[in-house]
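Remarks on the structure that follows.
No value in this document is a laboratory result; all are computed from the given coordinates. Here the structure is a predicted model, which means the values were calculated and not measured. When we count neighbours, we look across all protein chains shown, and the Cβ atoms used for this are built from the backbone with ideal geometry, even at glycine.
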Amino acid sequence: MNLITLDEFIARTEHDLPDATGELSGLLRDIGLASKIVNRDLSKAGLVDAILGEANEINVQGEDVKKLDIIANNVLKKCLQNSGECCGIASEEEPDFVAFENRKNAKYVVLFDPLDGSSNIDVIAPVGTIFSVFKRVSPIGELCTIDDFLQPGYKQAAAGYVIYGSSTMLVYTTGDGVNGFTLEPSIGEFCLSHPAIKTPEMAKTYSMNQGNYNSFSDKVKNFVDYCQDNTDKKAFSLRYIGSMVADFHRDLLKGGIYIYPSTKDAPKGKLRLMYECNPMAFIQEQAGGKATNGKERILDIIPTELHQRTTVYIGSTKLVDMLEE
Ligand code: AHG
Ligand code: MN
Ligand code: MN
């Protein structure tokens, strides 16, 4: 048996990182640890609702039951603060960024969506965690600032996601390709299962909330119509879970396009640039795919606020090109 664990892989590839001093490696290991804890907590989610009481209520033991988004947020925040390599975080679940008082000497900030697709938990569909890592731009030795977080996606030092599905898998990039690690539950280790992931250039799969069709632009409507047109060809397959991590993961491995355009309810798009689109765009490009907002490359967008939303078309190169044409 030739198992390569995540920690082993990180150690082996450490010298290839732009910053070969080990801090980024340490940070990635800590994110791996946090996701194992989240994975454990998620596996008890059904019990929380059905037996222990609804989230945000008092459970039968008289304890406050927190929503899983908040539990995952706190786990990641704690692990990153303990890490020693992270001077601050920003999260979809926090109103503002959090600077770690005791980590002024650390070099990195991490932005994350602690639990993506969280409404899927009630129906036991896959959910995920998404993370994005930047090297700070403020001076080391001081508290991190908003400028450390509001950097364009092309400056990410690393990005990744964890999908909690029929298996749990962690996928990440540091700008040198994309690798996937499946959690082997009996030993509690992420093991390299998908080395050097490359996404197919083309596939006949699209993924979107098509219920919003009437509020799409003509460009998006035309693309959807093309996908459904089966007059002289086989129509595309529509696959939509409603959990970006899960839809993205399928497209990454099998090819396809994930689309979240502007809609009546979300004129600027629904997904968040910093916690969802930037990290996924970095991964997709590293796997050979593409990500745009319809006007420019996602990774080139200059962010102006932490919780900024954007439209996103992400996936196999030919499909993203087709939509843009
Ligand atoms: P989150 O659970 O972190 O708020 O994200 C939900 C997002 C994303 O995961 C998913 O692709 C999208 O919302 C689904 O939106 P619709 O329900 O509008 O299709
Ligand atoms: Mn999300
Ligand atoms: Mn979320």
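Taking amide H atoms as placed 1.01 Å from N in the peptide plane, the amide H of residue 312 lies under 5 Å from those of 260, each 5 or more residues away in sequence or on another chain. Residue separation of residue 147 and residue 204 scaled by 0.36 nm, minus their Cα-Cα distance, works out to 16.5 nm of gained length. Amide hydrogen proximity for residue 184: with H placed 1.01 Å from N in the peptide plane, the residues at 5 or more positions away or on another chain lying under 5 Å are 189, 190, 191. Compared with the alpha-carbon gap, the fully stretched path from residue 240 to residue 167 is longer by 24.4 nm at 0.36 nm per residue. Ordering 288, 145, 157 by Cα displacement along the dipole of the chain toward the positive end leaves 288 in first place; charges were set at the Cβ atoms of Lys, Arg (+1) and Asp, Glu (-1).
In a GNM of the chain with a 10 Å cut-off on Cα contacts, which of 245, 127, 220 has the highest mean-square fluctuation? Checking each option, the largest mean-square fluctuation is seen for 220.
Summarising the amide proton neighbourhood of residue 88: residues at separation of 5 or more, or on other chains, whose placed amide H is nearer than 5 Å comprise 100, 110. Annotation note: trypsin sites (Lys or Arg not before Pro) in region 226-308 located in DSSP loop regions with a Cβ neighbour count of at most 13 within 10 Å are 233, 234, 264, 268, 295.
Stretched out fully, how many nm does the piece from residue 215 to residue 67 gain, at 0.36 nm a residue minus the Cα gap? Could you put the intermediate results ahead of the total?
Working: separation 148, 0.36 × 148 = 53.28 nm, distance 3.19 nm.
In short, 50.1 nm is gained.
Dipole magnitude for region 92-238: computed about the Cα centre from +1 point charges on Lys and Arg Cβ and -1 point charges on Asp and Glu Cβ, it is near 480 debye.
Of all complete DSSP H helices in the chain, those with a Cα span along the helix axis of 24 Å or greater and a mean Kyte-Doolittle hydropathy of 0.0 or more are 23-42. In terms of distances greater than 28 angstrom between alpha carbons, the cross-link table entries 44/155; 198/295; 155/264 yield 44/155; 155/264. Taken along its principal axes, the alpha carbon cloud of region 6-194 reaches lengths of 48, 36, 25 Å, longest axis first. Dipole magnitude for the chain: computed about the Cα centre from +1 point charges on Lys and Arg Cβ and -1 point charges on Asp and Glu Cβ, it is near 600 debye. Using a 10 angstrom cutoff on alpha carbons, build the Gaussian network for the chain and name the most mobile of 176, 229, 247. Answer for the Gaussian network model of the chain: 229.
Before rounding to the nearest 500, sum -39500 (n - 2.57) across all DSSP H runs of length at least 4 in the chain and divide by the residue total; then give [θ] at 222 nm in deg cm²/dmol. Result for the chain, helices only: -8500 deg cm²/dmol. Projecting the Cα atoms of 213, 242, 187 onto the charge dipole of the chain (Cβ charges, centred on the Cα centre) puts 213 farthest toward the positive pole. For residue 96 and residue 228, the FRET efficiency from 1/(1 + (r/R0)^6), where r spans their Cβ atoms and R0 equals 45 Å, is about 0.55.
Here region 205-324 is assigned +1 on the Cβ of each Lys and Arg and -1 on the Cβ of each Asp and Glu. Its dipole about the Cα centre then comes out at about 180 debye.
Say R0 is 45 Å: what FRET efficiency, to the nearest 0.05, do residue 137 and residue 4 get from their beta-carbon distance? Efficiency computed from Cβ-Cβ geometry: 0.85.
Projecting the Cα atoms of 95, 112, 134 onto the dipole axis of region 90-149, where Lys and Arg carry +1 and Asp and Glu carry -1 at the beta carbon, places 134 farthest toward the positive end.
In the chain, the alpha-carbon atoms span a convex hull of 145 Å³ per residue.
Based on Cα contacts under 8 Å between residues 6+ apart, region 205-324 shows a relative contact order of 29 percent. Based on Cα atoms of region 176-251, Rg over Rh with Rh as the Kirkwood radius reads 1.12. Among 71, 187, 241, the largest mean-square fluctuation in a Gaussian network model of the chain (Cα springs under 10 Å) belongs to 187.
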